[in-house]
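Notes follow the structure.
Where a number appears in this text, it was derived from the coordinates with a stated rule and is not lab data. Being a predicted model, the structure only gives us computed values, none of them experimental. Every residue, glycine among them, receives a Cβ derived from its backbone with ideal geometry; neighbour counts consider all protein chains shown.
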Amino acid sequence: MTPKPHRVLLDRVSGYADEAAAYMRRRRAFRRPFARLYYRGGRAEDHAADSVAGGELFVAAGRLIEVAGKRPKA
Amino acid sequence: MSQEARAIGTAGILAEMSDGETSAAVSGDAAESALAFLAEMSLDLRGAAILDSAGSVLAASGDAARWGEDAAALFEVADRAGDEPVEQVHVGTEQGEVFALRHAGLAAVAVTERFALASLTFFDMRSLLRDLAAGGDGRGRDDA
């Protein structure tokens, strides 16, 4: 029997939502610290934490995180 | 706070504005309003600052002097890492994420919780700076 059209739509939306949720879970589990610089024209460069530039970027970013403090509670 | 923030200069730190546009004088009040709007829009935001082309802090959430110094240090390190001035910086750490952007002769730096959506955060920061540079209050309204 052919499923009702709204069922097909709901299943498809649920499928996308499940995939998105799984992607976010994987991202949280596996994402490592990174330092990425963007230049005019869209060029981007990654700097590893163990490189000189990467290390300096992490130190500078750490200071900003410190000055920002914790998120104010709503 | 805006008066205090405006008085704090970090001369020359942002001299290399990558888009070459020079912003008209942006008032501290407009920058404060823009910062408040950014906080409203970005639920993950912990703190942020807006700086002018000379590196002076126009508005900041918290210690303006520290924001000015630390933003300057970040841009300086980022510029040294490549062969041209950087336009955007995104650093993700275990403790949080840092976004920095130069646009329209201004600069914005924001610190968020981990896993903030980078494209949205940069989009919001860019819109805010564009509006400030055009004489608005960062909210993108015509009546500003």
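Highest mean first, the peptides B:98-109, A:33-44, B:30-41 sorted by other C-beta atoms within 10 Å per residue fall in the order B:98-109, B:30-41, A:33-44. A Cα-only calculation for segment B:52-114 places Rg and Dmax at 11.6, 33 Å. The label-point distance for A:Val59 and B:Ala134, in a model that sets each label 7 Å from Cα toward Cβ, rounds to 4.1 nm.
The ratio of the alpha-carbon radius of gyration of segment B:40-144 to the globular-protein estimate 2.2 N^0.38 Å is 1.03. Calculated [222 nm] ellipticity per residue, helices only, for chain A: -20000 deg cm²/dmol; basis is -39500 (n - 2.57) per DSSP H run with n ≥ 4, divided by all residues, nearest 500. Peptide B:92-100 has a mean shielding of 6, counted as Cβ atoms of other protein chains within 10 Å of each residue's Cβ.
Across peptide A:39-48, the mean count of Cβ atoms from other chains lying within 10 Å of each residue's own Cβ comes to 4. As a proxy for reagent exposure, A:Glu19, B:Glu84 were ordered by neighbouring Cβ count within 10 angstrom, fewest first; the result is A:Glu19, B:Glu84. In this simple spin-label model, placing a label point 7 Å from the Cα along the Cα-to-Cβ direction at both A:Arg43 and B:Glu113 gives a separation of 3.7 nm. Spin-label model, A:Arg12/A:Phe30: points 7 Å from Cα along the beta carbon direction are separated by 2.8 nm.
Once you treat every alpha carbon in chain A as an equal point and sum by Debye, what is log10 I(q)/I(0) at q = 0.23 Å⁻¹? Per q value, in the given order, log10 I(q)/I(0) is -1.06.
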